[in-house]
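Below: one structure, written as structure tokens.
The values are calculated or read from the model by the stated rules, or taken from the named source; none is laboratory data. Remember, predicted model here, so these are calculated numbers, not experimental data. We place every Cβ from the backbone using ideal geometry, glycine too, and count neighbours over all the protein chains shown.
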Ligand code: PEP
Ligand code: MG
């Protein structure tokens with residue numbers, strides 16, 4: 001198996017009937033780009049920048065961030081690198097960024113909400129990402145977007161920083177794609193509206209499942225209720241994918257589901273264009289995609305959307321796999 005997978009490093013991720021799926025890797029530091037390239041990832045679908053901010057005693061400045069983002073962009077070039085802006089709060093806190101105690105940190109002052117309130121923190125990160133865009137194919141992505149207003153506010157800050165960089169004579173890519181994580185049910189429900197203003201979507205299933213089912217993704221006691229194949233989750237994914245495509249935008253998945261062998265056929269059948277996962281899953285995912293019949297998976301996904309429970313969806317997926325083997 002290992003050798004068979006290895007042979008796929010330079011092969012495209014394409015179904016038997018010709019549908020191309022982008023298989024990318026998630027990273028938390030520029031050094032991890034090497035591992036992603038080593039398994040033939042077609043890009044970085046999620047660069048979690050939190051790690052640059054964690055385990056240290058002060059905020060990383062623009063220059064330090066620029067170097068990290070540039071390194072990732074250069075290592076991956078010409079492949080795309082999607083840099084997600086700071087997703088702090090919730091379970092992730094910073095020693096040098098005092099936050100008031102919150103009753104519900106996962107519903108609290110986190111991610112894009114915090115960044116929009118703390119422009120002293122957000123603007124240097126935007127500048128660092130823009131500057132890195134001169135060295136590769138950099139995309140910017142905002143986490144935890146719940147409304148069009150937040151996307152507009154964040155994009156307005158990007159425009160302001162672009163104007164300043166231009167005035168300072170600093171280079172950047174003029175048309176850097178700006179996308180959002182779809183990981184809050186509200187954003188899936190208004191995906192048609194968000195698609196007018198975002199260049200791409202990446203569905204964060206870890207949080208989307210948690211928020212849709214009101215089910216803490218870390219709580220063992222309710223882990224049986226944390227259901228990636230719950231009909232409500234599938235509908236939200238479908239809505240997001242369809243809205244993206246109607247607006248001629250692409251849609252990826254970068255939560256754990258993207259690397260899950262059971263979920264991949266369903267996600268492909270729902271029309272997902274890109275799957276971003278841990279580097280260790282990339283070759284297995286490519287192997288799966290290359291054995292797929294997209295037309296058939298579209299039908300199976302439509303059937304899955306009509307089922308009542310996760311159990312029924314899983315049974316359908318198992319049955320259709322058995323039929324293949
Ligand atoms: C997600 O929520 O699915 C996601 C990819 O982001 P994170 O796991 O960093 O919250
Ligand atoms: Mg998330």
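Output the residues belonging to the range 137-146 that are away from ligand 1 (no atom under 16 Å from the Cβ) and surrounded by fewer than 23 Cβ atoms within 10 Å (Cβ to Cβ).
Our first condition is that a residue be away from ligand 1 (no atom under 16 Å from the Cβ); within the range 137-146, this holds for 137-138.
Across the range 137-146, the qualifying residue is only 137.
I need the full set of residues from the range 151-174 which are touching a strand residue (DSSP E or B) at 6+ places or on another chain (Cβ under 8 Å) and either assigned to a helix (DSSP H, G or I) or free of Cβ contacts under 8 Å to residues at least 40 places away in the same chain (or both), in order please.
Answer for the range 151-174, where residues must be touching a strand residue (DSSP E or B) at 6+ places or on another chain (Cβ under 8 Å) and either assigned to a helix (DSSP H, G or I) or free of Cβ contacts under 8 Å to residues at least 40 places away in the same chain (or both): 151, 154, 155, 158.
The single condition among (1) over 18 Å from the mean Cα position of the chain (by Cα); (2) in contact (Cβ under 8 Å) with a residue 24 or more places away in the chain; (3) more than 16 Å from ligand 2 (Cβ to nearest atom) that residue 114 does not satisfy is (3).
Mind checking which residues of the range 74-118 are in a helix (DSSP H, G or I) and touching a helix residue (DSSP H, G or I) at 6+ places or on another chain (Cβ under 7 Å)? Spell out how you get there, then give the answer.
If we filter the range 74-118 for residues that are in a helix (DSSP H, G or I), which is where we start, we get 74-76, 105-107, 111-117.
Listed by number, the residues that qualify are 74, 75, 76, 112, 115, 116.
For the range 186-205, a residue qualifies if it is surrounded by fewer than 17 Cβ atoms within 10 Å (Cβ to Cβ) and within 16 Å of ligand 2 (Cβ to nearest atom), and exactly one does: 186.
Within the range 203-218, residues that are over 17 Å from residue 180 (Cβ atoms) reach partners that are buried (at least 16 other Cβ atoms within 10 Å of the Cβ) and at pLDDT below 95 with beta carbons closer than 6 Å, at six or more positions or on different chains, in the pairs 210/217. Checking each residue in the range 126-150 for being touching a residue at least 60 places away in the same chain (Cβ under 8 Å), within 18 Å of the chain's Cα centre (by Cα) and assigned to a helix (DSSP H, G or I) picks out only 129.
Put simply, of 94, 114 the only residue that is away from ligand 1 (no atom under 13 Å from the Cβ), closer than 28 Å to residue 173 by Cα and buried (at least 16 other Cβ atoms within 10 Å of the Cβ) is 114.
If you filter the range 26-59 down to residues that are out of contact with any strand residue (DSSP E or B) (no Cβ under 9 Å at 6 or more places or on another chain) and part of a loop (DSSP other than H, G, I, E, B), you find that the one that is nearest to residue 72 (Cα to Cα) is 31. Going by the conditions given, is residue 203 within 16 Å of the chain's Cα centre (by Cα) and closer than 20 Å to residue 312 by Cβ? No, not satisfied. Residue count for the range 53-88 under the criterion of being within 16 Å of ligand 1 (Cβ to nearest atom) and over 18 Å from the mean Cα position of the chain (by Cα): the result is 2. Residue-level check: of (1) buried (at least 20 other Cβ atoms within 10 Å of the Cβ); (2) within 16 Å of the chain's Cα centre (by Cα); (3) in contact (Cβ under 8 Å) with a residue 24 or more places away in the chain, residue 243 misses just (2).
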